[in-house]
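Take a look at the structure set out below.
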Amino acid sequence: MKRSLLLTLLPLFAHAEELPAPVKAIEKQGITIIKSFEAPGGMKGWLGKYQDMGVTIYLTPDGKHAISGYMYDAQGANLSEQVIQKEIYAPAGRELWQRMEKAHWLQDGNKDAPKVIYLFADPFCPYCLQFWQQARPWVESGKVQLRTLLVGVIKPESSGAAAAILAAKDPAKTWHDYEKSGGKLPLTVAQTPPSALLKTLKDNEAIMDALGASATPAIYYMNKQNELQQVAGLPDAEQLKIMMTTP
């Protein structure tokens, strides 16, 4: 995921306690403090962000010095990155997942399929079509459900085509048939699409922007740690297998 954009969604925590002087000194250099945490080695840590990137600050046991950077253990594990992932990026990812759940998406596959994948797609996106085709074995077997959020970002005609699909009597079936036809299914495109449908497309594009995606297909799923995963563009064979089979 593009973590810098995730951070823009995070509300800042009010300081529950007075910051030690060395931490304050670092804060004045442009680091925004988010919250404190307990760190190894008798240190106390603070999570923050600098230029929209997660950072960690550690206070020495004597309380007189603060260090900004990563902490590693004897095995080379990045303990700071683990804290940032757990406390900042993972919760922000779950919030974005909830935004997608509440959005206007088209169901593809069994609604009770255990694996849920969100897809931002443009009607004129050839790679979206390729991904739709690649996903067929998992979707048709009932193991995966695709939830497609239509956007109009590739061509000037994209919004009209997407709105025409949303305006159909059965939008999900129309999208399925459109992709199955290789994008050749005739659509009844209004000269001026209804404002409500254009708003739906803009709302979907806003979520896509918040996720840090700039092109379609933009694909999202949760891993077994309940962390949001992103695949930008057409996935390769390994990425495809992981996203389709991860519990």
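The values are calculated or read from the model by the stated rules, or taken from the named source; none is laboratory data. Keep in mind it's a predicted model, so treat the numbers as computed, not measured. Here the Cβ is made from the backbone with ideal geometry for all residues, glycine too, and neighbour counts use every protein chain on show. Only protein heavy atoms, including side chains, enter the accessible area calculation; ligands, DNA and RNA are left aside. Shrake-Rupley method; radii C 1.70, N 1.55, O 1.52, S 1.80 Å.
So which helices (runs of 4 or more DSSP H) stay within region 16-129 end to end and still have 1 or more residues that are within 26 Å of Gln225 (Cα to Cα), out of contact with any Ser or Thr (no Cβ under 6 Å at 6 or more places or on another chain) and open to solvent by less than 70 Å² (accessible area, probe 1.4 Å)?
By residue number, 79-84, 90-102.
Yes or no, residue by residue, for (1) modelled with pLDDT under 95; (2) over 30 Å from Ser141 (Cα atoms); (3) among the charged types (D, E, K, R):
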position: Ile34; (1), (2), (3): yes, yes, no
position: Leu47; (1), (2), (3): yes, yes, no
position: Asp62; (1), (2), (3): yes, yes, yes
position: Gln85; (1), (2), (3): yes, yes, no
position: Gly93; (1), (2), (3): yes, no, no
position: Gln107; (1), (2), (3): no, no, no
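Checking the structure you have, find out if any residue of region 188-195 is touching a residue at least 12 places away in the same chain (Cβ under 8 Å), under 17 Å from the mean Cα position of the chain (by Cα) and open to solvent by 50 Å² or more (accessible area, probe 1.4 Å).
no
Need pairs with beta-carbon distance below 8 Å; first residue over 13 Å from Gly45 (Cα atoms) and within region 22-33, second hydrophobic (A, V, I, L, M, F, W, C) and open to solvent by 60 Å² or more (accessible area, probe 1.4 Å); sequence gap 6+ or separate chains.
The qualifying pairs are Thr32/Leu12.
If you check Tyr127 against the conditions, is it modelled with pLDDT under 95 and of a type in the set (Phe, Trp, Tyr)?
Spelling it out, it is not the case that Tyr127 is modelled with pLDDT under 95 and of a type in the set (Phe, Trp, Tyr).
Out of region 142-172, which residues are more than 26 Å from the chain's Cα centre (by Cα), free of Cβ contacts under 8 Å to residues at least 24 places away in the same chain and open to solvent by 50 Å² or more (accessible area, probe 1.4 Å)?
Listed by number, the residues that qualify are Lys169, Asp170.
If I ask for residues that are in contact with a Ser or Thr (Cβ under 8 Å, 6 or more places away or on another chain), farther than 13 Å from His104 by Cβ and part of a helix (DSSP H, G or I), which ones from region 156-174 would you list?
Scanning region 156-174 gives a single hit, Ala164.
Just for region 46-57: of the residues that are out of contact with any helix residue (DSSP H, G or I) (no Cβ under 7 Å at 6 or more places or on another chain) and of a type outside the set (Ser, Thr, Tyr), which one is nearest to Ala25 (Cα to Cα)?
Gly48
Please verify whether Thr216 is surrounded by 12 or more Cβ atoms within 10 Å (Cβ to Cβ), at pLDDT 95 or above and either β-branched (Val, Ile, Thr) or on the phi < 0 side of the Ramachandran plot (or both), treating the condition exactly as stated.
yes
Could you tell me whether Ala232 is within 16 Å of the chain's Cα centre (by Cα) and either within 21 Å of Leu129 (Cα to Cα) or among the hydroxyl-bearing types (Ser, Thr, Tyr) (or both)?
Yes; evaluated as a whole, the condition is true for this residue.
Please specify each residue of region 214-236 satisfying the condition of being touching a helix residue (DSSP H, G or I) at 6+ places or on another chain (Cβ under 9 Å) and of a type in the set (A, V, I, L, M, F, W, C).
Passing the criteria: Ala215, Ala218, Ile219, Met222, Leu228, Val231, Leu234.
Yes/no per residue for (1) in a loop (DSSP other than H, G, I, E, B); (2) of a type in the set (Phe, Trp, Tyr); (3) open to solvent by 70 Å² or more (accessible area, probe 1.4 Å):
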site	(1), (2), (3)
Leu197	no, no, no
Glu205	no, no, no
Tyr220	no, yes, no
Gln225	yes, no, yes
Val231	no, no, no
Leu234	yes, no, no
Ile242	no, no, yes
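Scan (1) touching a residue at least 40 places away in the same chain (Cβ under 8 Å); (2) more than 15 Å from Leu234 (Cα to Cα) for the single condition Val139 breaks and write down its number.
(1) is the only condition that Val139 fails.
Please count how many residues of region 35-82 are out of contact with any strand residue (DSSP E or B) (no Cβ under 6 Å at 6 or more places or on another chain) and aliphatic (A, V, I, L, M).
Going through region 35-82 one residue at a time, the tally reaches 5.
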